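The structure appears right after this line, and notes come after that.
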Amino acid sequence: MISWTQIQDLHAVERLTEIVGRWFSIDLVYLDEFGRLKNDFDPQKFNFKSYLFKVHRNSPKGKELLLKDVEIALKQIEQTQERMAIFETSLPGVKGMICRLQAEGENLGYIMAYCYAKDDFTSEDGKKVVKELVSYGLISEEAELAVKKLKRIEEIQEEYLKDLVGLFADEVSTYNEEIIRREQIIKDLNSEVSNKYRYHKMIGKSKPMQEIYRLLEKIASSESTILVQGENGTGKELVAKAIHYNSVRKDKIFLAQNCSAFNDNLLDSELFGHVKGAFTGAVKDKKGLFEIADGGTLFLDEIGDTSLTMQVKLLRVLQEGTFLPVGATTPKKVNVRVIAATNKPLKEMIQNGEFREDLYYRINVINVNLPPLRERGEDIPLLLEYFLEKKCKEKNLAEKEISKKCLEKLLDYQWPGNIRELENEVERMIVLASQDQAITPDLLSQKILDSVGGGQVLKAGDQTVGFNINGTLRSALEEVEMMMISEGLKRCNFNKSKLAKELDISRANLISKVDKYDLDKRKKAS
Ligand SMILES: Nc1ncnc2c1ncn2[C@@H]1O[C@H](COP(=O)(O)OP(=O)(O)OP(=O)(O)O)[C@@H](O)[C@H]1O
Ligand SMILES: [Mg+2]
């Protein structure tokens with residue numbers, strides 16, 4: 001696709017347009033590959049070189065003339081199959097020139113030199129043109145002036161004009177080929193970057209993440225059991241999916257089960273299934289997840305929360321590939337790859353007798369240890385960008401941008417380990433920004449503003465964005481009160497008498513509020 005605005009800004013194009021205008025009093029009309037007009041001939045803004053063109057552009061019916069002539073020009077060039085064609089416009093004796101624009105063999109559109117007369121243009125021709133123009137709603141004086149100013153050019157000059165229009169077309173082609181080439185380079189670069197900065201749906205360019213990607217790549221083709229460890233919200237499930245979707249099992253099923261969600265009996269029947277009559281309510285046979293996941297991958301989340309009895313059963317299915325559905329007498333055999341995850345310190349649990357050592361070694365064949373967000377701060381801009389794009393798409397909103405100031409604050413904030421917190425912050429700001437394109441610091445949540453500074457005192461008429469506007473009025477007012485005092489303390493260098501005066505409350509009252517919101521602590525901390 002051609003960018004007409006960029007083309008107009010090209011130095012060579014500017015010069016050529018100027019020369020054609022000055023020497024020949026001719027305008028250049030851009031048409032896309034479908035013959036649609038691409039310049040905006042707003043009579044107020046466009047600097048017309050051809051007076052005839054200007055006046056017919058100005059008349060309400062005159063616009064039709066141009067469209068008619070475009071049609072004639074396109075027909076002409078279609079018929080000749082040449083790069084360039086000269087055509088008779090709908091005004092007698094008035095001509096135009098049209099030239100194809102091409103890049104890499106593709107038709108990009110056309111350039112039209114509009115309009116002129118040959119030097120054999122007679123006064124009779126002139127009269128006909130005036131008549132025609134008047135029928136298009138122009139007053140006769142204007143029509144006569146337009147004809148008078150219409151450029152007559154000789155044969156040889158027409159050849160020059162052809163050269164100039166040809167040069168223009170060459171310039172556009174070169175430029176577009178260059179653009180195509182540059183776009184390809186950018187695309188290549190992008191895929192190189194994205195290969196490095198992401199793995200499956202995981203984002204991050206920090207060293208710890210690069211190491212994780214390398215490890216995941218290495219184990220992609222292995223069939224071993226994997227233990228994924230990491231704090232809450234560090235992406236354990238994401239890793240499990242990345243492993244599955246890069247493995248030979250990728251076309252088979254991926255199932256996830258949170259082992260802490262059920263009590264032992266329910267988990268037992270969920271994982272291994274049961275036979276009819278195994279317990280009250282077991283009205284028919286039910287397949288367990290191990291059976292359903294046969295051939296695929298089963299993600300056992302929160303494995304640290306399983307009971308010791310369950311651990312024995314898990315060990316058996318991992319070692320032998322067999323298990324016994326609840327109430328069954330004959331074991332079943334399956335081929336399931338298990339990926340387990342936990343945020344608990346399993347080694348400590350072994351020491352305390354809460355986790356079986358044999359199971360630990362069985363699941364921990366390969367260990368993926370995910371770093372918390374606070375240990376990979378350099379990934380934050382990438383993650384912000386990623387979540388911003390993702391959430392805007394999800395919510396069907398136009399693209400948004402985080403302002404520089406807002407980004408600075410987001411980067412200053414000491415993020416804990418959980419990526420969800422960052423994700424939620426982005427989501428919240430997008431919702432508050434609503435239709436605005438820019439995400440500004442006033443949309444940041446209070447905890448971030450409080451921590452990095454920049455919480456602003458609310459003035460009458462200010463929007464209450466950034467505050468907890470849900471909940472009760474009282475709690476919202478308290479939030480504002482707390483923020484005003486906290487900001488005021490910093491501003492007055494913790495001089496409470498000064499601040500009490502500013503806020504127009506008694507010193508005793510201020511002190512009791514400082515106690516209530518525990519704001520003196522901040523002094524010690526900062
Ligand atoms: N590296 C990452 N890149 C992009 N998004 C991530 C990344 N890590 C985590 N997330 C996102 O953070 C959220 C939490 O990830 P996930 O559920 O995989 O973590 P978890 O460790 O299983 O959490 P929990 O301990 O709470 O179960 C998800 O929305 C996930 O998409
Ligand atoms: Mg999880």
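Need one number: nm distance between label points at residue 414 and residue 498, each 7 Å from Cα along Cα→Cβ, rounded to one decimal.
So the two model labels end up 2.6 nm from each other.
State the answer as a single residue: which of 274, 297, 323 lies farthest towards the positive end of the charge dipole of the stretch 270-325, with beta carbon charges of +1 for Lys and Arg and -1 for Asp and Glu, about the Cα centre.
Sorting the options by dipole projection puts first 274.
Taking N as the number of residues in the chain, what is its Cα Rg relative to 2.2 N^0.38 Å?
Details: Rg = 37.1 Å, N = 526, 2.2 N^0.38 = 23.8 Å.
The chain yields a ratio of 1.56.
Too long at a 27 Å Cα-Cα cut-off: which of 63/95; 61/148; 284/344; 447/513; 45/68; 241/404? Don't skip to the end; give the middle numbers.
Values: 63/95 17 Å; 61/148 21 Å; 284/344 36 Å; 447/513 19 Å; 45/68 23 Å; 241/404 34 Å.
Table pairs above 27 Å Cα-Cα are 284/344; 241/404.
Keeping every protein chain present and rolling a 1.4 Å probe, give me the accessible area per residue for the stretch 4-180 in Å². Spell out each step's value before the answer.
Values: 9050 Å² over 177 residues.
Ligands and nucleic acids excluded, the result is 51 Å² per residue.
May I ask you to derive the FRET efficiency for residue 122 and residue 231 from their Cβ-Cβ distance with R0 = 51 Å, giving the value to the nearest 0.05?
Working: r = 90 Å, r/R0 = 1.77.
Result of the calculation: an efficiency of 0.05.
Once the piece of chain linking residue 71 and residue 217 is laid out straight, how much longer is it, given 0.36 nm per residue of separation minus the C-alpha distance between them? Walk me through the numbers on the way to the answer.
Numbers: separation 146, 0.36 × 146 = 52.56 nm, distance 5.87 nm.
Working it through step by step, the gained length comes to 46.7 nm.
Among 169, 492, 426, which residue has its Cα positioned farthest towards the positive end of the charge dipole of the chain, with +1 placed on the Cβ of Lys and Arg, -1 on the Cβ of Asp and Glu, and the dipole taken about the Cα centre?
492
In Å, what Kirkwood hydrodynamic radius results for the stretch 4-180 from the alpha-carbon pair distances?
Numbers: mean 1/r = 0.0608 Å⁻¹.
Over the stretch 4-180, the inverse of the mean reciprocal pair distance is 16.4 Å.
In nm, to one decimal, how far is the residue 19 label point from the residue 148 one, both placed 7 Å along Cα→Cβ?
According to this spin-label approximation, the distance is 3.1 nm.
Roughly what angle does helix 11-24 make with the longest principal axis of the chain, taking Cα atoms, 0 to 90 degrees, to the nearest 10?
It works out to around 20 degrees.
Of the DSSP beta bridges with both residues in the chain, give the percent that are antiparallel, rounding to the nearest 5. Don't jump to the answer; show the numbers that get you there.
Working: 28 of 50 bridges.
In the chain, DSSP labels about 55 percent of beta bridges as antiparallel.
Could you compute how fast the stretch 120-163 diffuses translationally, taking Rh as the Kirkwood radius over C-alpha pairs and applying Stokes-Einstein at 10 °C with viscosity 1.306 mPa s? Give it in µm² per second. Let's see the in-between values first.
Details: Rh = 11.5 Å.
The diffusion coefficient I find is 138 µm²/s.
Using the reciprocal of the averaged 1/r over all distinct C-alpha pairs, how large is the Kirkwood radius of the stretch 372-453 in Å? All intermediate terms of the calculation are to be shown ahead of the outcome.
Numbers: mean 1/r = 0.0789 Å⁻¹.
The Cα-based Kirkwood calculation yields 12.7 Å.
Give the carbon-plus-sulfur fraction of the accessible surface of the chain in %, rounded to a whole number; probe 1.4 Å, heavy atoms of protein chains only.
Numbers: 14060 of 28590 Å².
Within the chain, the accessible surface is 49 percent carbon and sulfur.
Say R0 is 30 Å: what FRET efficiency, to the nearest 0.05, do residue 140 and residue 45 get from their beta-carbon distance?
Numbers: r = 27 Å, r/R0 = 0.91.
In this case the efficiency is close to 0.65.
Taking 8 Å as the Cα distance limit and 6 or more residues as the minimum spacing, I'd like the relative contact order of the chain as a percentage. Before the final figure, lay out each step's value.
On the way: 739 pairs, mean separation 51.0, N = 526.
Computed over the chain, the figure is 10 percent.
If one computes the Cα centroid of the stretch 386-448 and of the stretch 216-283, what distance in Å separates the two points?
The distance from the Cα centre of the stretch 386-448 to that of the stretch 216-283 comes to 32 Å.
The values are calculated or read from the model by the stated rules, or taken from the named source; none is laboratory data. Treat the numbers as computed from the prediction; the structure is a model and nothing was measured. In this analysis, Cβ positions are derived from the backbone assuming ideal geometry, glycine residues included, and neighbour counts consider all displayed protein chains. Note: areas computed on protein heavy atoms with side chains; ligands, DNA, RNA excluded. Shrake-Rupley method; radii C 1.70, N 1.55, O 1.52, S 1.80 Å.
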